[in-house]
Amino acid sequence: MTMPFTARRPWMIAPLLCAVLLSGCSQGDPADTADPTSTPTAAPSTTPSATPEAPPAEAEPAAPVGDGGPEASFRTWLAASRAPDAATACAYMTPELTQRMIDEIGAVFPGITDCPSMIETTAAFYAAAGQSSETLVELREQTADSAVLHVTYSAGSCGLVVLQPGDGHWVLDERSDEAC
């Protein structure tokens, strides 16, 4: 016989929430999404130009410099997501990751409609469960346009966290994946 969802203890919800957070923020292997042999090239201009060409309006951000690196950005996000400091936590996630997490967590917990409500709700669950934010973080790969961390939480779950350059810091993206 199963208990109604409302009768479950917070300690049972926290592992579920961890799984949703890690698995909800990913689709596939991060290595599958990058093609190291392809590089974008501009098409040659057929008309002469007297002025230098302007850079593209939506150029990819360069790898952040002096931010402490991908591990520091992950730890900043983790601390903010547990505090909760929704403004900081949300700034350390891509819009695609944020929307995927809102959709998946909102399906289980109605009322989650935006990043701040998601961060505040999940922080409350972690606090109620007494779950530590202690993690073991290992940098697996870093290039100018992405970084991959292997993260093991004290509660036993682990996964790959993929980050990309953001506005002055690295941001978690939707390619992250739960591994155990």
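The values are calculated or read from the model by the stated rules, or taken from the named source; none is laboratory data. As the structure is a computational prediction, the values presented were derived from the model and not from experiment. Every residue, glycine as well, gets a Cβ built from its backbone with ideal geometry; the counts of neighbours run over all protein chains shown. Each accessible area value is taken on the protein alone, full model and side chains, heavy atoms only, with ligands, DNA and RNA left out. Shrake-Rupley method; radii C 1.70, N 1.55, O 1.52, S 1.80 Å.
Hull surface divided by four, with the convex hull built on the Cα atoms of segment 93-180: how many nm²?
Working: hull surface 25.0 nm².
For segment 93-180, the mean projected area of the Cα convex hull comes to 6.3 nm².
Against the criterion of solvent-accessible heavy-atom surface with a 1.4 angstrom probe, TRP170, TRP77 sort, most first, into TRP77, TRP170.
Put simply, the amide H of GLU141, placed in the peptide plane, has neighbours under 5 Å in VAL148, leaving out anything fewer than 5 places away on its chain. Considering only the other residues whose Cβ falls under 10 Å of the Cβ of TRP170, what net charge follows from Lys and Arg at +1 and Asp and Glu at -1? After counting each charged neighbour, the total is -3.
With K and R counted +1 and D and E -1, the other residues having a Cβ less than 11 Å from that of GLN99 yield a net charge of -4.
Phi angles across segment 90-100 convert, under the Karplus curve 6.51 cos²θ - 1.76 cosθ + 1.60 with θ = phi - 60°, into 3J(HN,Hα) values of 5, 5, 9, 10, 6, x, 5, 5, 4, 5, 4 Hz, Gly and Pro given as x. Between amide H atoms placed 1.01 Å from N, distances below 5 Å from VAL171 occur with GLN164, GLY166, all of them 5 or more places distant or on a separate chain.
Lys and Arg at +1, Asp and Glu at -1: add these up for the other residues within a Cβ distance under 10 Å of THR152 and post the number.
Numbers: positive: none; negative: GLU134, GLU138.
Within the 10 Å Cβ shell, the charges total -2.
The value obtained for segment 130-179, namely the Cα convex hull volume divided by the number of residues, is 90 Å³ per residue.
Order the following by accessible area, largest value first: GLU120, GLU178. Probe radius 1.4 Å; ligands, DNA and RNA are ignored.
Largest accessible area first, the residues go GLU120, GLU178.
Ligands, DNA and RNA left out, the 1.4 Å accessible surface of segment 114-180 is 49% carbon and sulfur atoms.
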